[in-house]
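So the structure is just underneath, and the comments pick up after that.
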Amino acid sequence: MLRCVCYHPRMKPCRSRFVDVRGLRYHLREWGTPGAPRVFMLHGWMDVSASFQFVVDAFERDWHVIAPDWRGFGASARGGDTYWFPDYLADLDALLRMEEPDRPARLVGHSMGGNVACLYAGVRPARVDRLVALDAFGLADHAADEAPGRYEKWLAQLERASGFRDYPDFEALAERLRAENPRLAPERAAWLARQLGEGAADGSVRWAADPAHRRISPVLYRRGESEACWRRATAPVMWIEPADAALRHRVGVSDDIHASAQACFRDFRLVRIGDAGHNLHHDQPGQVAAAIEAFLVQSE
């Protein structure tokens, strides 16, 4: 049994359990009282469910939050030498059939988790009550003529072992987190490092994730396919994003492309938060929590 380690006295306690999801041992982290309104929180790439702790701490209401570690991340089982994006969609579907079988679910997803949730809202529209996507804007479209080189690179990567950089200790990993996100407070970085990292026998620390995630996906991202799914979504959707669009622009998602994506959703609202980067749930958890709660309570 895993347990939460507090980074401050007011940290809300969590509990862990493991379930079988499509033949893999999945770790679920939970906060709040069973029987309270359920919310499913889905983390991003190279992250873990514990990443939502700061937002949960800022919630004013009692929500029963259920947050999985996606396959190959955190304490969930690993799933082979390649990770296919549709598997996350299928894992979410299986998890919701298990945990919320009788009513549409409230979903909150960050980055990759938000993209999974947005697709799911269009593929299974009757299964989603409300959806919050945290800086989940999709990717730039890829041209078909990129496919041969991408497959070739993927095959080459399969020929050699993948691995993550080792850190001498958790403090070094915390320093890495703060270097990537200067807004991250030292005590939060120290706590996150122990959720995102795992100790090795020699005392070093490495990322708590399957190194196979480092391999390129051989399947091209086709934005038109995502938009076709988004247009089928019927649930109210709220996108929360940082006011600074630098990351989105850097990966090739222009303002025009972004506006086209937003127009796909029938019931859409946008919230922008200042002084925050891509991990806005770490940078401004109070504002993120307030926006999520104000949106979710409308479904009650």
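The values are calculated or read from the model by the stated rules, or taken from the named source; none is laboratory data. These numbers were taken from a predicted model, which means no experiment stands behind them. Cβ atoms come from the backbone with ideal geometry, glycine included; neighbour counts cover every protein chain shown.
Can you give me the ranges of the strands (runs of 3 or more DSSP E) entirely in region 8-70 with at least 3 residues that are out of contact with any Cys (no Cβ under 7 Å at 6 or more places or on another chain) and either under 18 Å from Arg130 (Cα atoms) or among the hydroxyl-bearing types (Ser, Thr, Tyr) (or both)?
Correct list: 38-42, 64-68.
Here is a check on your reading of the model: is Val5 at pLDDT 95 or above, in contact with a helix residue (DSSP H, G or I) (Cβ under 7 Å, 6 or more places away or on another chain) and among the hydrophobic types (A, V, I, L, M, F, W, C)?
So Val5 fails the test.
With respect to the numbered conditions (1) more than 14 Å from the chain's Cα centre (by Cα); (2) closer than 17 Å to Leu280 by Cβ; (3) of a type outside the set (Asp, Glu), which one is the sole condition not fulfilled by Gly35?
With respect to (1) more than 14 Å from the chain's Cα centre (by Cα); (2) closer than 17 Å to Leu280 by Cβ; (3) of a type outside the set (Asp, Glu), Gly35 is out only on (2).
Test Arg130 against the criterion of being outside any helix (DSSP H, G or I) and either in contact (Cβ under 8 Å) with a residue 60 or more places away in the chain or within 27 Å of Asn279 (Cα to Cα) (or both), and give yes or no.
yes
For region 71-112, give me each residue that is assigned to a loop (DSSP other than H, G, I, E, B) and under 18 Å from the mean Cα position of the chain (by Cα).
Correct list: Arg71, Gly72, Gly74, Ala75, Ser76, Ala77, Arg78, Gly79, Tyr83, Trp84, Ser111.
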